[in-house]
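The values are calculated or read from the model by the stated rules, or taken from the named source; none is laboratory data. Small disclaimer: the values here were computed from a predicted structure and weren't measured. Positions of Cβ are generated from backbone atoms using ideal geometry, with glycine treated the same way; all protein chains shown enter the neighbour counts.
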Amino acid sequence: MGRVVVPIGTQHPALKEPASFILTLEGEKVVSAKAKLGYNHRGIEKACENRSYIQSLYIVERVCGICSHAHSTVYCEAVEELAGIEIPKRAKYLRTVVCELERLHSHLLWLGVAAHEIGFDTFFMYVWRDREKVMDILENFCGNRVNYGINTLGGVRRDLTPEIIEDIKNLCKLMDERLKIYTDLAMGDATLAARLAKVGRLSKETAIQYGAVGPVARASGVAIDVRVNDPFAAYDEVKANIVVDDNCDVFGRVLVRVLEMVDSVRMLRFMMDNIPDGTISVKVPRKIPAGEVAHRVEAPRGEDAYFLASNGTEKPERIRMRAPTEANWHAIAHMLEGDYLADSPIIIAAIDPCYSCTDRAIQINDLNTGKQDILNWQQLKQYSINWHRENNGIDFAKLKIK
Amino acid sequence: MEDNKAKAPAAKKPLTDAEKQARIAAALAAKAEREAAAKAAEASKPVPEIELAIANKIIAKFPFLKERIRIPREHRLYTDAIEREQFRPLYEYVADELGFDFVSTISGVDVGDDFQVIYHLSNNKNGSMFNVKVRMPKDDAVIESIVDKFEGVTFYERELVDLFGIQVNNMPPGLPHYPLPDGWPADQHPLRKDWDPSKMDWSVVKAEAVQQDDAKGGANNG
């Protein structure tokens with residue numbers, strides 16, 4: 001049978017993780033997949049070397065739009081460790097509160113995107129409506145919806161007011177109710193299971209071998225979570241549970257993220273009742289003593305690892321950043337192999353890259369006839385939805401959410 | 001308002017030399033005190049037991065690391081710079097025997113005459129991270145890939161190649177540039193400290209359509 005090569009992706013100037021996949025098809029099955037990255041390398045590591053520690057914080061926060069708090073937390077904690085500074089306990093708790101709010105909004109965002117990719121737009125609307133509640137609280141608390149700007153060297157910049165605590169408690173109540181519906185749907189709905197089960201398989205051994213992190217690894221039965229293994233911020237007191245699933249496919253990745261949200265709500269509620277009093281920041285000197293620190297935190301997408309070297313001046317000698325998606329790209333090529341082209345949108349979306357990054361042109365190049373088709377992401381998605389409707393009878397238009 | 005006006009000129013009055021000296025002496029004394037306190041705190045901090053046990057096991061097997069492993073806090077071990085030949089056996093031992101089988105990332109650092117490559121090896125069971133620093137001279141910047149042992153490192157090693165110009169032997173063949181664009185000059189390595197963007201010929205990296213080499217490969221197969 002002739003092979004068809006499908007290049008997916010090219011550069012998208014506006015977004016953070018533009019990537020390209022070159023899929024080789026045999027019929028409708030993907031036989032090999034190669035990932036190509038680096039289209040939007042912004043030279044952030046170099047830029048930080050020319051700026052002071054506090055200036056670099058604002059650059060670091062902009063590495064990622066969705067898990068910006070994870071990046072600024074790991075950076076601040078690394079600098080504080082180098083400076084030998086212990087931040088107040090209340091500040092640690094406040095960082096943890098934003099970490100969990102961020103995880104909630106990021107997982108809700110992903111759940112909506114995943115629903116959208118498989119053509120389940122009703123679910124997408126429900127989930128994103130709930131996500132707005134989380135975003136409102138983040139905005140009220142931090143002053144911003146995405147780049148929160150709450151972290152600073154030596155602590156945090158804003159304190160919780162009684163009103164916001166009340167808001168977060170109400171959010172927990174709402175989330176209990178909503179997440180129950182989502183959990184029932186994710187676990188019990190036959191249509192969703194038919195569309196997601198056994199798609200994008202990644203065995204436990206392969207996940208370890210390729211260094212997958214975060215929900216992708218946990219959905220393959222690998223119990224890693226920096227919050228538990230190597231606690232940062234206030235996670236030594238606010239205990240997280242590792243949510244592990246043995247399905248090893250996209251269905252498992254949905255379950256893991258939904259159950260992690262349930263756990264986040266539990267932790268938020270715990271923190272609202274147990275947050276210690278005190279100041280929220282201490283002063284950090286401008287010059288940081290020479291030294292080296294390797295640090296990591298658990299971003300919504302997995303382990304976010306930083307290495308920071310200081311030369312004793314006001315500017316860092318070297319900042320090395322490894323965002324979770326960079327670790328997960330290795331596994332994605334493996335996940336695509338052996339699956340249908342029609343499943344590639346949800347498989348790529350399932351590692352939770354920035355969704356909009358995947359919104360780009362696709363060129364289908366039929367090498368046997370020399371014919372070329374150019375599809376955009378919308379058309380590929382529509383192809384995927386129609387393919388599943390015709391071949392498997394999956395149609396989310398018929399599905400009702402109670 | 002009047003009070004403020006009256007005070008303003010007084011504040012601008014220049015300090016006498018004696019006052020300056022006194023302030024400098026006070027600042028120096030405060031600094032020395034802070035440093036002494038920090039040192040005392042460092043010395044009195046208990047060394048975490050799990051990490052100490054790990055370090056002792058490593059030193060028993062690799063005596064050259066004696067007194068060259070630092071444990072600044074729980075969950076972290078750092079080595080001083082070691083030679084390239086010493087790394088592979090050390091990595092295999094800690095990965096196979098001590099559970100440091102996850103490579104969190106690999107960092108390169110430009111330190112004047114040398115490059116340092118730091119392997120951040122994680123044990124995800126007890127949360128320890130073992131940071132092994134390997135040094136090499138800049139004019140002989142060659143290391144061996146560890147992709148045969150842990151497949152998730154290809155992107156990190158390719159960053160060393162592109163951004164520092166470190167040669168990595170035995171990488172999987174046929175990989176494109178990462179993270180720099182195709183057509184980037186082979187002698188330009190942005191994370192080297194002496195790299196000067198103003199001396200680079202930017203016309204060679206202007207955007208153009210990328211050739212799909214793989215498409216040709218597919219044609220041959222078909």
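Values for this structure:
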item	result
Filtered residue count, region B:139-150, keeping only those that are over 22 Å from B:Trp195 (Cα atoms) and out of contact with any Ser or Thr (no Cβ under 9 Å at 6 or more places or on another chain)	5
Residue within region A:108-121 that is assigned by TED's automatic domain parsing to the domain that holds A:Pro300, farther than 21 Å from A:Asp273 by Cα, β-branched (Val, Ile, Thr) and surrounded by 24 or more Cβ atoms within 10 Å (Cβ to Cβ) present	yes
Subset of region B:183-222 that is among the aliphatic types (A, V, I, L, M) and surrounded by 10 or more Cβ atoms within 10 Å (Cβ to Cβ) - its residue that is modelled with the highest pLDDT	B:Leu191
Exclusive hit being under 30 Å from B:Asp196 (Cβ atoms) and in contact with a helix residue (DSSP H, G or I) (Cβ under 7 Å, 6 or more places away or on another chain), set A:Cys99, A:Cys48, A:Cys67	A:Cys48
Options B:Glu83, B:Glu35, B:Glu42, B:Glu74; residue that is of a type in the set (Asp, Glu) and away from chain A (no Cβ under 14 Å)	B:Glu83
Tally, over region B:73-86, of residues that are part of a strand (DSSP E or B) and touching a helix residue (DSSP H, G or I) at 6+ places or on another chain (Cβ under 8 Å)	5
Single unsatisfied condition, B:Asp96 versus (1) closer than 30 Å to B:Ala53 by Cβ; (2) within 13 Å of chain A (Cβ to nearest Cβ); (3) free of Cβ contacts under 8 Å to residues at least 12 places away in the same chain	(2)
Residue within region B:51-61 that is of a type in the set (Val, Ile, Thr), closer than 18 Å to A:Val226 by Cβ and buried (at least 20 other Cβ atoms within 10 Å of the Cβ) present	no
Whichever residue in region A:201-224 is touching an Asp or Glu at 6+ places or on another chain (Cβ under 6 Å) and either in contact (Cβ under 8 Å) with a residue 24 or more places away in the chain or more than 10 Å from chain B (Cβ to nearest Cβ) (or both) and, among such residues, is nearest to A:Arg301 (Cα to Cα)	A:Val213
Test: residue in region B:135-153 that is within 13 Å of chain A (Cβ to nearest Cβ), over 27 Å from A:Tyr39 (Cα atoms) and in contact with a Leu (Cβ under 9 Å, 6 or more places away or on another chain)	no
Enumeration of residues in region A:82-98 that are modelled with pLDDT under 95 and in a helix (DSSP H, G or I)	A:Leu82, A:Ala83
Subset of region B:45-86 (residues that are over 23 Å from A:His295 (Cα atoms) and of a type in the set (S, T, N, Q))	B:Gln86
Verdict on A:Gly338 being touching a Pro at 6+ places or on another chain (Cβ under 8 Å) and either in the same structural domain as A:Leu202 (by TED's automatic domain parsing) or surrounded by fewer than 21 Cβ atoms within 10 Å (Cβ to Cβ) (or both)	no
The listed residue being in contact (Cβ under 8 Å) with a residue 12 or more places away in the chain, farther than 27 Å from A:Leu341 by Cα and part of a helix (DSSP H, G or I), out of A:Arg103, A:Arg62, A:Arg51	A:Arg103
Boolean, A:Arg218 is over 30 Å from A:Val282 (Cα atoms), buried (at least 23 other Cβ atoms within 10 Å of the Cβ) and assigned by TED's automatic domain parsing to the domain that holds A:Glu61	yes
Within region A:47-64, considering residues that are among the small types (Gly, Ala, Ser) and surrounded by fewer than 18 Cβ atoms within 10 Å (Cβ to Cβ), the one nearest to the other protein chains (Cβ to nearest Cβ)	A:Ala47
Unique match (being of a type outside the set (A, V, I, L, M), more than 14 Å from chain B (Cβ to nearest Cβ), free of Cβ contacts under 8 Å to residues at least 60 places away in the same chain and surrounded by fewer than 18 Cβ atoms within 10 Å (Cβ to Cβ)) among A:Asn247, A:Asn241	A:Asn241
Filter result (within 11 Å of chain A (Cβ to nearest Cβ), surrounded by fewer than 18 Cβ atoms within 10 Å (Cβ to Cβ) and at negative phi) within region B:155-175	B:Pro172, B:Leu175
Filter result (hydroxyl-bearing (Ser, Thr, Tyr) and either over 24 Å from B:Lys61 (Cα atoms) or out of contact with any Lys or Arg (no Cβ under 8 Å at 6 or more places or on another chain) (or both)) within region B:81-118	B:Thr105, B:Ser107
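Residues checked against (1) over 23 Å from B:Gly152 (Cα atoms); (2) at the interface with chain B (Cβ under 10 Å from one of its Cβ atoms); (3) at pLDDT 90 or above; (4) over 22 Å from the mean Cα position of the chain (by Cα):
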| position | (1), (2), (3), (4) |
| --- | --- |
| A:Val6 | yes, yes, no, yes |
| A:His12 | yes, no, no, no |
| A:Glu26 | yes, yes, no, yes |
| A:Glu45 | no, yes, no, no |
| A:Ile66 | yes, no, no, no |
| A:His71 | no, no, yes, no |
